[in-house]
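Below is one structure, written out as structure tokens; the observations come after it.
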Amino acid sequence: MILRSRREVLASLSVAAAALPLLGFNSVTAPEKGPKTILPPRLKPGDTVGLICPAGAAFSKEVVQITKESIEALGLKVKMGKHVFDRFGYLAGTDQARAEDVNAMFADKSVQGILAIHGGWGCARLLPLLDYKTIQKNPKPLIGYSDITALLLAINAKTGLITFHGPVGSATWNKFSVDSFRQVLVDGSPALFENPKELGDNLTITKDRITTITPGTAQGKLVGGNLTVLTAILGSDYLPNWKDAILFLEDTNEAVYRVDRMLTQLKLAGVLDQVKGVVFGKCSDCEPGKGSYGSLTLEEVLEQHLQSLKIPVYSGAMIGHITHKFTVPVGAEAEIDATAGTIRLLKSAVA
């Protein structure tokens, strides 16, 4: 039996602990240093946008046609993914087929941008099937929200490419959404994301108000998306680094207790303790509902989880399952002002 000094034992333990990440024993947080940030080229009039269905099946040809016409009305051309009309149950084809469309659009030199027609469920199933090396070598904007969050976060985490939490093809392309889309992806300006302040016939603003939970300003990389989708891939290596990030979240049709549960999961995983600021967008149809006697309100849940962080936090931003929405670049440097309820890009998110 060989006896070792306490110093030697501690040294051995330190070496073993340092080796854990190499052996695959990682925490739920991303590595301290991710890949270098890559700016995708901005979209120009006449560019071609590839349309894909990486999640739910396209049950309506009319919706796809309306999407095509909307993108063309933006002055862009359209190229349909090979498997857009495939169907495998509630999915738009098999995992292999849907991943093939994502990979093919990034590899296609004639395509300058990629837009998901809609969300649903299924993007997380594609993450191990994506060709991240090809994506990294062929940077271009990928745009969508809801279930597309999984693709946006994974591609940013694996390649450093800035992706865009914005309208899906079947969304409502109104002036507010189009202006934000163009400002970020076409003009390439350091956009200021600010809720509309229309009084209408009222004495004060009654619609799309922001709520300051903790005042102040903070700077960091924007990381986030749909709360349900994000927490569903927590613990995988398909998430960016949370350290000093600005976390933005949105969701829809979730009972308040489920929002509570997911925010608790982010807290227990150490995510909330690492970020420098939080923007909670819209949680549409997230009221307590019938049979919820004594339920906490969404506002109470947000305050309980986020006030104690003592970092700038506000809610109500135009991010989510809503008709008028921002196009928010995932991985871009920004500053939030939780008192004013704004997000300001510190530089262009496109090259």
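The values are calculated or read from the model by the stated rules, or taken from the named source; none is laboratory data. Quantities reported herein were computed from a predicted structural model and do not represent experimental measurements. Ideal geometry is used to build each Cβ from the backbone, glycine not excepted, and the neighbour counts take in all protein chains shown. These area figures cover heavy atoms from the full protein model, side chains too; ligands, DNA and RNA do not enter into them. Shrake-Rupley method; radii C 1.70, N 1.55, O 1.52, S 1.80 Å.
Pairs linking a residue in the stretch 306-317 that is at positive phi to a residue that is open to solvent by 30 Å² or more (accessible area, probe 1.4 Å), with Cβ atoms under 8 Å and 6 or more positions apart or on different chains, are G316/D208; G316/R209; G316/I210; G316/T211; G316/K282.
If only residues of the stretch 145-170 that are open to solvent by 20 Å² or more (accessible area, probe 1.4 Å) and part of a loop (DSSP other than H, G, I, E, B) are counted, the one that is farthest from L249 (Cα to Cα) is S170. Within the stretch 258-293, can you find the residues that are of a type outside the set (D, E, K, R) and modelled with pLDDT under 95? Residues satisfying the conditions are S284, C286, P288, G289, G291, S292, Y293. Being open to solvent by less than 40 Å² (accessible area, probe 1.4 Å) and more than 29 Å from H118 (Cβ to Cβ) is a property that I246 lacks. Cβ-Cβ contacts under 7 Å between residues 6 or more apart (or on different chains), taken from a first residue in the stretch 120-140 that is more than 21 Å from R42 (Cβ to Cβ) to a second residue that is modelled with pLDDT under 95 and open to solvent by less than 40 Å² (accessible area, probe 1.4 Å), are absent. Residues in the stretch 168-227 that are farther than 21 Å from L142 by Cα and among the hydroxyl-bearing types (S, T, Y): T204, T206, T211, T212, T214, T217. For the stretch 171-191, a residue qualifies if it is assigned to a loop (DSSP other than H, G, I, E, B) and either over 21 Å from L346 (Cβ atoms) or among the hydrophobic types (A, V, I, L, M, F, W, C) (or both), and the qualifying residues are A171, T172, W173, N174, V186, A191.
Matching residues to (1) open to solvent by 40 Å² or more (accessible area, probe 1.4 Å); (2) part of a strand (DSSP E or B); (3) more than 17 Å from L230 (Cα to Cα):
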{"position": "L266", "(1), (2), (3)": "no, no, no"}
{"position": "D273", "(1), (2), (3)": "yes, no, no"}
{"position": "F280", "(1), (2), (3)": "no, yes, no"}
{"position": "L296", "(1), (2), (3)": "yes, no, yes"}
{"position": "Y314", "(1), (2), (3)": "no, yes, yes"}
{"position": "M318", "(1), (2), (3)": "no, no, yes"}
{"position": "T323", "(1), (2), (3)": "yes, no, yes"}
{"position": "P329", "(1), (2), (3)": "no, yes, no"}
{"position": "I343", "(1), (2), (3)": "no, yes, yes"}
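Considering L230, L247, the condition of being out of contact with any His (no Cβ under 7 Å at 6 or more places or on another chain), of a type in the set (A, V, I, L, M) and in a strand (DSSP E or B) is satisfied by L247 alone.
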